[in-house]
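Following: one structure in structure tokens, then a few remarks.
The values are calculated or read from the model by the stated rules, or taken from the named source; none is laboratory data. This structure is a prediction, so every number in the text was calculated from the model and none was measured. Glycine also receives a Cβ, built like all others from the backbone with ideal geometry; neighbour counts cover every protein chain displayed.
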Amino acid sequence: MPYKFTFDLSKVPRFFFTEIALISYQKGMHKTFLKKLQKIILKFRIQEATGLNLSDSLVLLQDLIDLQAVNMIERGKFLQTKKRALFLPHCSRKYMDNRCKAVFDAKIPSYTCAHCSPDCLVNKADYLARKKGYDIYLLPGGSCIPKILKTSRYEGIVGVACGEEMKIMGPLLNSMDVAGQAIPLIKNGCANTIFNMETLVKVL
Ligand code: SF4
Ligand code: SF4
């Protein structure tokens, strides 16, 4: 499920995400959490950078913080895992039309990148993760995940998606005792979306 609004955090300073990591760690320890969120939104001029109003900025920031908090909690368990997969969103492909040569296999169900464009984010992520021994799935949507998890019993999953999709994936991984690490999109919109490659390298 996409957000009801679009955002692009790709031009927001990297330090914003460091601050999110910090506040995720502190979450629950402070009653002033909401005030802190608002302060961060003002400090990094998120409304100006994204065109979002305060309440949408709060929703987005709250999701990013929740994901970061879950990542921290799950990190130890994830590091113990051996059989891992990377779930990539189809919306991060360079092309959304037939110039993308990825092949869809309905039996899995997933696309497989055909590496047609060296500068495609999905291609780069696929290359990195494959080198590290991950299986790669390029997903048209979160509804493909249950079947994949039932067919191949992974111990650890790294998932790239927008926060809304992650909210669906999280409980599913939990129920199957799979350790998850989430990489949120920093630009959504269901086409030409962006995730941070540096973050992916660190998480993998
Ligand atoms: S590199 Fe892969 S995902 Fe990207 S456009 Fe080509 S086939 Fe599609
Ligand atoms: S932005 Fe991408 S991951 Fe999120 S709902 Fe749209 S297609 Fe799915």
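Miscellaneous remarks
- Residue within the stretch 149-157 that is within 10 Å of ligand 2 (Cβ to nearest atom), assigned to a strand (DSSP E or B) and touching a strand residue (DSSP E or B) at 6+ places or on another chain (Cβ under 6 Å) present: no
- Answer residue from the stretch 1-41, given it is within 16 Å of ligand 2 (Cβ to nearest atom) and crowded, with 17+ Cβ neighbours inside 10 Å and is modelled with the lowest pLDDT among those: Tyr3
- Of everything in the stretch 124-182 that is of a type in the set (Asp, Glu) and within 16 Å of the chain's Cα centre (by Cα), the residue that is surrounded by the most Cβ atoms within 10 Å (Cβ to Cβ) is Glu165.
- Among the residues of the stretch 71-104, those identified as in a loop (DSSP other than H, G, I, E, B), among the charged types (D, E, K, R) and either under 13 Å from Glu155 (Cα atoms) or touching a helix residue (DSSP H, G or I) at 6+ places or on another chain (Cβ under 9 Å) (or both) are Lys82, Lys83, Arg93, Lys94.
- For Pro13, the requirement of being more than 22 Å from Ser143 (Cα to Cα) and not in a helix (DSSP H, G or I) is met.
So that you can scan it fast, the table gives a plain yes or no per residue for (1) within 16 Å of ligand 1 (Cβ to nearest atom); (2) crowded, with 18+ Cβ neighbours inside 10 Å; (3) at negative phi; (4) hydroxyl-bearing (Ser, Thr, Tyr):
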residue: Ala69; (1), (2), (3), (4): no, yes, yes, no
residue: Ile73; (1), (2), (3), (4): no, no, yes, no
residue: Lys77; (1), (2), (3), (4): no, no, yes, no
residue: Lys82; (1), (2), (3), (4): no, no, yes, no
residue: Leu88; (1), (2), (3), (4): yes, yes, yes, no
residue: Cys100; (1), (2), (3), (4): yes, yes, yes, no
residue: Val103; (1), (2), (3), (4): yes, no, yes, no
residue: Ile108; (1), (2), (3), (4): yes, no, yes, no
residue: Thr112; (1), (2), (3), (4): yes, no, yes, yes
